[in-house]
Structures are given as structure tokens and as C-alpha cells.
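Following: one structure in C-alpha cells, then a few remarks.
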Amino acid sequence: MKKIIVNGGNPLCGSVDLQGSKNSALPILAAVAAADGISVIHNCPDLTDVTAALKILEHIGCKIKREGHTVIADSSCANRFDIPESLMREMRSSIVFLGALLARFGNASVSSPGGCEIGLRPIDLHLNALRSMNVQISERGGRLNCKAAQGINGGNISLSFPSVGATENIMLASMSARGETVVTNAAREPEIIDLASFLQKCGAKISGAGQSVIRINPPEKLTGAEHTIISDRIVASTFMACAASAGGKIAVSGVVREHLDPIIPVFEAAGCESDFNGRELIFKAPSRVSRVKSIRTMPYPGFPTDSQAIVMAMLAKAKGTSIITEKIFENRFRHVPELVKMGADIRVEDGCVAVVEGVEELHGAKVTACDLRGGSALVAAALGAAGKTVVEEIHHIDRGCEAIEKSLSALGADIKRE
Ligand code: UD1
């Protein structure tokens, strides 16, 4: 079993390049299935979730070439609309292929993703939206069979919650819809804008991406395109939390400043300093961070749930008490007992509120990554802890952070993978 071993105490110093965004890459790779022809996707991160998405593309008949961080995909021979359970299970976000396959073939057969480490994660909003677009959906033996026998209809779709995945599935399915599709209360995340930008290059007309109302008009035929994935704002916040936990000053290259707007104020409240030099973030941590009175995770442009665990790791050693409320997922505090093993004083109230009493020092321990961001949080905490920490089950971290130990050791951390 692979593990990461950290000997804490080295302040971070130096510069690191930011990887491409996982949450952009996955829906864009699904969109590749909907677009007939060759697509060239640059800045595609080397992650197990991306490999899983590429396996799905190969399974449905696409030819894939990976050259460093560029994926060249020829989808002109795609001829299958079923995704076997074994591939669906490799990555929960494979549900985003549903809309893409419907757009391409008018048919899709996938297995229900079910719950995952961070919560139940139902897909009712995805399915209701697709039904309203004239897609017939039946569920049998854990498989979802979806068919648009009379074609997909556009129209008005109002989401009761701005779900990222549901917004993406609607955008993808609408690529072969009759007429305009208007999504109200759409997710506003930068990854939605990135997907829209790729689909526009493939021929679609889309306005309002990044706002609450998105208007989508599909082209006669969606064709492949060349695109560069945006950088990963969540991994940027991971490096910031690592530096805040260990102390020091780092530069993160490739950031998009406005993507970090919801995150920076929390780090500033903790006493960290951020300066931008074009697409480079210069981040300086104080010798000990201050508490942040209250943090609530919210849909974009609120504070992201994906940065909650790593910020909690930073605040575990803050001066004073911080309150973190998780509003998006119901099971996203699984890193708390692991941080407690390292000496953190954190209690969870009502399942969704964490009271973090900052301690003066954390100590090394043997801990287990329970999910992707929770696992990165343990690494962040370990960098600022006294002694040796062993983080197990690091396959969770590899889903979303590219060779985290290499980036951090380049910044001066004593960290290795075994
Ligand atoms: C995406 C991100 C994930 C991030 C999350 C919220 C990807 C690959 N993953 O996940 O990293 O944490 O956005 O920013 O982009 N919900 C329903 N019914 C639905 C859909 C969602 O009840 O049909 C609920 C979910 O259970 C959750 C909340 O809505 O409680 C947010 O989910 P959603 O925005 O859909 O997140 P994902 O797209 O799954």
C-alpha cells in the first residue's frame, strides 16, 4: 500500500507550477465524446481520475494519445453509449458522461454512481433536468438506461440548487437539443465557464456561463476543438494551506487571480499575505496563523467546500478558535478524527459544524486519508507538525493532486512516497 511520509518542521520556500484543474478536465473530456472529430486538450493533469475518464473514452471507441499534459482524442469512431460498472466505479464524476453520450447518440447506459466518501450525492437534479428535455430514463439492476427516442428538447430548466454536475450534464445534453436551453440557478464555478469555452470552440453558442442564467444554442454539428484547461484553484489553496501550516513564503505560478477571490480573504484573516504578479501568486505565512472566526462553505462565489479540509488543517494550529460550517456535503469532516490523532483539538457539532480550538503544536502520527481533500489536509497538517507523519490510503490524494510529494519537496518539505 502506497503511503506518504512527512517529517514536519521545514518552512516552505520557493516556487511551484500549478496543475490543470481536475474539475474542468473531467467534464471537458466528457464533452470530447459529444464532439465528433479530433480534440486536443492541453494542461490536462496527470491524475487517476483523468486516466479513468480516458478509459471511458477509449471504451466508447475514441482513439486517445497522451503526450505529457496534452490529450489528443479522436472521437470520430465512437460507437458505444454504454459505460460498464467497473469503469463507472473508478470515478464518481463519470456521471457527467451521461449528458455527453445522450447528445452524441440519443442514448446512454450507465450505472448509478451511488454515494461516496463525502456524502450521499444523489443525482435527482441531473435526471429531472434530462427528463424535462424529453429523455426517458429507466433504472434496473443499478443501471440507468436513458433514451431520447424523439430527440432532445431545449427549453427552460430551473435548478433548485446550483449543482455543478447537473449544470454540466444539462450543458452537454443540450448540444443536440432542438432549440435554446436556458438553465436558471445554474452553478457559477470557473469550471462551468471552462466547459462553456470548450463547447463554444466546438461550435456551440453559449452566453451567461459563470452567471446564474446560462443560454445554450447548439450548432448543427458539434466538432472537436483545441483547448487549454484552466489551472486548479483548489490545488492552489492546498499549496497556500501547506505554506500556512509549515510557515514560509512560496510562489505559485499559473493562478487565475479571480478564481482565488473566495479563498484569499480566509487566508488574509488568518494573517497570511498574498500578492499577485500577473499569473504568479506570492504567498507569505506568519510564524503562527490567527483563528478565522467563521467560515461557511457555499456554492461559487462562496468559500469552496473542496478547500474546507485543507484550511481546517491550517487552523488546527491557529491562535484562537475557528468555526467551520460545511453547507454542501453531509459527510465532509472525515479528516477530523485523523487531525485529532495529530494533537488537534476539533469537535464536530450537529454533523456540519467543526469547532477548531487552535493548539500550539501538532505532532506526527499514523493517519489515513479518507477522501481526496481530507487526505491533502493531512499532508498540510503534517508539514507543520513536530516529528514523523505517515499518511496511508493516498490513492485518494492521487485522484486530484498531481505528485503532491514532488511539488512539496521542491518547496523544501521533507516528504516522500513509499
Ligand atoms: C462538484 C465537484 C466537487 C465539488 C462540488 C461542489 C467535480 C468533478 N466535482 O461535485 O469537487 O466539491 O462540485 O463544489 O466537479 N445534489 C443533489 N442532487 C443532485 C446533485 C447534487 O442533492 O442531483 C447535492 C449534492 O449531494 C451536494 C450538493 O448538491 O450536497 C452539491 O453537489 P454538486 O454541486 O452537484 O457537486 P458535484 O457536481 O457532485
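The values are calculated or read from the model by the stated rules, or taken from the named source; none is laboratory data. Bear in mind that the values here come from a model prediction, so they are computed numbers and not experimental data. As a convention, Cβ positions derive from the backbone with ideal geometry for all residues, glycine included, and neighbour counts pool all protein chains shown. Note: areas computed on protein heavy atoms with side chains; ligands, DNA, RNA excluded. Shrake-Rupley method; radii C 1.70, N 1.55, O 1.52, S 1.80 Å.
Are there helices (runs of 4 or more DSSP H) fully within the stretch 174-293 with at least 2 residues that are among the charged types (D, E, K, R)? List them. Hits in the stretch 174-293: 190-201. The residue of the stretch 161-195 that is surrounded by the fewest Cβ atoms within 10 Å (Cβ to Cβ), among those that are small (Gly, Ala, Ser) and in contact with a helix residue (DSSP H, G or I) (Cβ under 7 Å, 6 or more places away or on another chain), is SER176. The single condition among (1) out of contact with any Phe, Trp or Tyr (no Cβ under 6 Å at 6 or more places or on another chain); (2) open to solvent by 40 Å² or more (accessible area, probe 1.4 Å) that ALA53 does not meet is (2). When the stretch 137-153 is filtered for residues that are within 21 Å of LEU125 (Cβ to Cβ), part of a strand (DSSP E or B) and not aliphatic (A, V, I, L, M), the ones remaining, listed by number, are SER138, GLU139, ARG143, ASN145, CYS146, LYS147, ASN153. Pairs meeting the criteria (first residue in the stretch 130-152 and over 24 Å from PRO84 (Cβ atoms), second residue open to solvent by 60 Å² or more (accessible area, probe 1.4 Å) and assigned to a loop (DSSP other than H, G, I, E, B), beta carbons under 9 Å, at least 6 apart or on different chains) are ASN134/ALA149; ASN134/GLN150. For the stretch 287-302, the candidate set comprises residues that are among the charged types (D, E, K, R) and surrounded by 14 or more Cβ atoms within 10 Å (Cβ to Cβ); within that set, the residue that is farthest from ALA244 (Cα to Cα) is ARG296.
Restricting attention to the stretch 92-145 and to residues that are of a type in the set (Ser, Thr, Tyr) and closer than 20 Å to LEU26 by Cα, the residue that is farthest from the ligand (Cβ to nearest atom) turns out to be SER109.
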